[in-house]
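Visitor: Handing you this structure, nothing more for now.
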Amino acid sequence: MQRRTFLKTSLTTSAALSAPIAAYSAGTSESAAKPFKLKYAPHLGMFKHSAGEDPIDQIKFMADQGFTAFEDNSLSNRDVSLQEKIGQTLSDLKMEMGVFVGNWKVRRGDGLAKGDPEVRKAFVEEIKSSVDVAKRVNATWMTIVLGNRHHRLEPDYQTANIVETLKQASEVLEPHGLVMVIEPLNHLHNHPDVFLSKVPHAYLICKAVNSPSCKILFDMYHQQITEGNIIQNIDYAYEETGYFQIGDVPGRKEPTTGEMHYRNIFKHIASKGYTGVLGMEHGNFHPGKEGEAKLIAAYREVDGFE
């Protein structure tokens, strides 16, 4: 690297890391920072040291820092009154709701891959309940986890069972304009027995379901571990991709803390005309309030593509 290029990069990085958190109070967004270029979506708990424990205050803090989206895996398990407050807060702040887990109860075991009729019925019923959750927060996407492999059934039969289940669930979601995003999970570190671990398999499933209500959740943390080649795989699967999630490798923390070149990845995603949400499904690399400031600065750095 030439010295001039090195100095420019170093100064840009230093400026990002030293940038202060936007002034925040629970009742106002008057001092909000400039919005990010892409719709990065933090989750509850990510900024609790800066905003406090109250979920609504945390969402307001996110908006003040320039985030224009929010995701909450546990939304289905929260009280209806809190779901409604979250929905109203997002509306007031003009923030977009990202994913929540649509099959919180029926997401373990091998029932979906096995084709168990009772598990399939319970899954579809849970998807019906998730429609009401989505409406309370004006959500479009819900994460679907397909559970584990069934060890005594050929993989192709398992895939066929999954496809049939997702077809039935899509019939529930299509009239409401809602989208299930099926998530491949890495089987090497986090989910050793998972049925769906690779994006090409998810692509095949979505093609077979053939519904606008069934797409891929492309979690870049999981796929860096399982497949790598992130940018090219985004191109291959883009037609069936409905949502992205973020996490650096190793460690599953914010961009700039691992091996992934997220500035280039985000630039590529933006170049494809993607206007959806990118969920920040990762932890904080540094602890406490200072760590939260460094996380925000890291996103400013990788969001600086041209």
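Taken together, the values in this text are just the output of simple stated rules run on the coordinates, not laboratory data. The shown structure was predicted, so the numbers you read here are calculated from the model rather than taken from an experiment. We place every Cβ from the backbone using ideal geometry, glycine too, and count neighbours over all the protein chains shown.
Visitor: What are the equivalent ellipsoid semi-axes of the stretch 160-269, built from the alpha-carbon gyration tensor (square roots of five times its eigenvalues), in whole angstrom, biggest first?
Guide: Ellipsoid half-lengths, sorted descending, are 26, 15, 11 Å.
Visitor: A further question follows. Below 8 Å, C-alpha to C-alpha, sequence gap of six or more: please give me the relative contact order for the chain in percent. Mind dumping the intermediate values first?
Guide: On the way: 562 pairs, mean separation 53.0, N = 306.
So the answer I get is 17 percent.
Visitor: What ³J(HN,Hα) values, in whole Hz, does the Karplus curve 6.51 cos²θ - 1.76 cosθ + 1.60 give for the stretch 283-296 when θ = phi - 60°, with x put for Gly and Pro?
Guide: Calculated HN-Hα couplings, in order: x, 9, 5, 9, x, x, 5, 5, x, 5, 5, 5, 4, 4 Hz.
Visitor: While we're on this one: Which cross-chain or sequence-distant (5 or more) residues have an amide H under 5 Å from the amide H of Ile182, H modelled 1.01 Å from N in plane?
Guide: Hits under the 5 Å cutoff: Ile144, Lys215, Ile216, Leu217.
Visitor: Still on this structure, please answer the following. Please give the net charge around Glu126, taking every other residue with its beta carbon less than 12 angstrom from that of Glu126, where Lys and Arg add +1 and Asp and Glu add -1. Spell out each step's value before the answer.
Guide: Details: positive: Lys105, Arg107, Arg120, Lys121, Lys128; negative: Glu125, Asp132.
Combined, the nearby Lys, Arg, Asp and Glu give +3.
Visitor: Related question: With labels modelled as points extended 7 Å from the Cα through the Cβ direction, what inter-label distance (nm, one decimal) is found for Asn138 paired with His268?
Guide: 3.3 nm
Visitor: Another question about this same structure. Compute the separation of the alpha-carbon centres of the stretch 29-64 and the stretch 89-105 and state it in Å as a whole number.
Guide: 14 Å
Visitor: Along Cα→Cβ, 7 Å out, is where each label goes; now give me the distance between the ones at Ser74 and Glu164 in nm to one decimal.
Guide: It works out to 3.6 nm between the two label points.
Visitor: By the scheme Lys and Arg +1, Asp and Glu -1, what is the net charge of all other residues having a beta-carbon under 11 Å from that of His282?
Guide: On the way: positive: Arg252, Lys253; negative: Asp219, Asp248, Glu254, Glu281.
After counting each charged neighbour, the total is -2.
Visitor: Mind giving me the FRET efficiency for Asp92 and Lys34? R0 is 30 Å, r the Cβ-Cβ distance, nearest 0.05 is fine.
Guide: Details: r = 19 Å, r/R0 = 0.65.
Efficiency at R0 = 30 Å is approximately 0.95.
Visitor: Another one. With no solvent and one equal point scatterer placed on each C-alpha of the stretch 145-204, evaluate the Debye formula and give log10 I(q)/I(0) for q = 0.15 Å⁻¹, two decimals.
Guide: Taking Cα atoms of the stretch 145-204 as identical point scatterers yields -0.49.
Visitor: Work out from phi, with θ = phi - 60° and the Karplus expression 6.51 cos²θ - 1.76 cosθ + 1.60, the ³J(HN,Hα) of each residue of the stretch 111-117, listed in order in whole Hz, and give x for Gly and Pro.
Guide: Rounded to whole hertz, the list is x, 5, 5, 6, x, 4, x.
Visitor: Can you give the longest run of the chain that contains no trypsin sites (Lys or Arg not before Pro) sitting in a DSSP loop with at most 13 other Cβ atoms inside 10 Å? If you can, show how the numbers build up before the last one.
Guide: Values: sites that count: Lys94, Lys105, Arg108, Arg152, Lys272.
Formally, the longest exposed-site-free interval is 153-271.
Visitor: Can you work out the FRET efficiency for the pair Asp156 and Tyr236, with r the C-beta to C-beta distance and R0 = 22 Å, to the nearest 0.05? Write down the numbers at each step before the final one.
Guide: On the way: r = 21 Å, r/R0 = 0.96.
E between Asp156 and Tyr236, to the nearest 0.05, is 0.55.
Visitor: How fast does the chain diffuse by Stokes-Einstein, in µm²/s, taking the Kirkwood radius from C-alpha pairs at 10 °C and 1.306 mPa s?
Guide: Numbers: Rh = 20.1 Å.
Estimated via Stokes-Einstein, D reaches 79 µm²/s.
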